[in-house]
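Here is the structure we will look at, set down as structure tokens.
The values are calculated or read from the model by the stated rules, or taken from the named source; none is laboratory data. Owing to the predicted nature of the structure, the values given are computational and were not obtained by experimental measurement. Surface accessibility is based on the protein's heavy atoms, side chains included, excluding ligands, DNA and RNA. Shrake-Rupley method; radii C 1.70, N 1.55, O 1.52, S 1.80 Å.
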Amino acid sequence: MEGPPPGEWHYELITPDLYQAERIRRIYYSGRTPFQDVVVMEGEAFGRSLVLDGKTQSTEVDEFAYHEGLVHPSMIAHRGPRSVFVAGGGEGATIREVLKHRTVERVVMVDIDREVVELCREYLPNHHSDSFDDPRVELIHDDCLAYLEKNEESFDVFIIDVPDPLEAGPAYLLYTQEFYVLLRDRMRPEGLMVAQSGPTGPSFYEQCFSAVAKTVSSVFPVVALSETFVPSFGSTWGFVIGSLGSDPTSLPIKEVDRRLSQRVTGDLRYFDGTTLKGMASVPKYLRNSVATEQRIITRDNPLFVV
């Protein structure tokens, strides 16, 4: 797939009736791996970004809001996560945030697309901040579902940072009830999982979020919903947490800040106790949509986002 030449525009379909566009400064790579179309570009508004199958995955300007919002609520809810499993996260920003926690001894990152990871290593240094070279990280290029099925190791926290469940895409099976059951079976006591769950804006949430939340709630006794605004995505974006222990959204602001000060190295630009309260205060239409949603995503009843 060839992207438009410099000076032209990157057009992205937000919904079938809505485009978002950004002027392109430079294209670093445009092509196809065995799994997906890939563009690594630099835009005038959002800086360097990774685009997979026409969908922006993260950008230099606002990725911190997404990745801190994805990682830290579950990490801070656990009493002391030592082992963390990351599905996807090819840019390296997800493991960057995980590694900020002093308790972490081992991170297993499984991303099926070696070429995407190598492109991100080369062209997105501000995303990964050399996290791939941390000795606590074990990087594996494999199908995430297959890896977990053949390895019985357990983890404290699972972070699912894979693309939306596009038909014929590399990740749609990681949104199913069967997959979440597998995560539950591989969790240590009081373990948690979190999945990026698609847009939550009023015009967008029915694409993915409600069904993912309903599916997670069919497996885990504690489920928490949260969202954050990511400008480059054109919408607020949702995360669904499934827990065998505590609900991170119930933690008092002061307790979140205390845990962050004790456990986390380096500065966080987005996440703290006040931010978590805001993230967890999802609007009424989202809460209602999850309460009334009937779909459970399974292998035989997949959800395809178009």
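Split the accessible area of the chain by element, probe 1.4 Å, and carbon with sulfur accounts for 48%. With a 1.4 Å probe rolled over the protein heavy atoms of all chains, the accessible area of Ser83, Ser154 falls in the order Ser154, Ser83, largest first.
Accessible surface of Arg114, taken over heavy atoms with a 1.4 Å probe and every protein chain present, rounds to 140 Å².
Listed cross-link partners Lys214/Lys284; Lys55/Lys214; Lys100/Lys254; Lys100/Lys284 are compared with a 27 Å cut-off, the Cα-Cα value being larger for Lys100/Lys284. At q = 0.13, 0.14, 0.16, 0.17 Å⁻¹, work out log10 I(q)/I(0) for region 110-217 with the Debye formula, treating every Cα as an identical point scatterer and leaving solvent out; two decimals please. The computed values of log10 I(q)/I(0) come out as -0.58, -0.67, -0.87, -0.97. Listed options for Cα extents along the principal axes in Å are (i) 139, 41, 28; (ii) 51, 44, 40; (iii) 57, 53, 40. The value calculated from this structure is the one marked (ii). For region 100-160, the C-alpha radius of gyration sits at 1.20 times the compact-globule guess of 2.2 N^0.38 Å, with N the residue count. In the context of the full set of protein chains, region 147-210 has a per residue accessible area of 36 Å² (1.4 Å probe). Relative intensity of region 219-306 on a log10 scale, I(q)/I(0) at q = 0.26 Å⁻¹, equals -1.43, per a Debye sum over C-alpha point scatterers of equal strength in the absence of solvent. Here the Gaussian network model covers the chain, with springs between Cα atoms less than 10 Å apart; of Glu293, Glu227, Glu44, Glu44 fluctuates the most.
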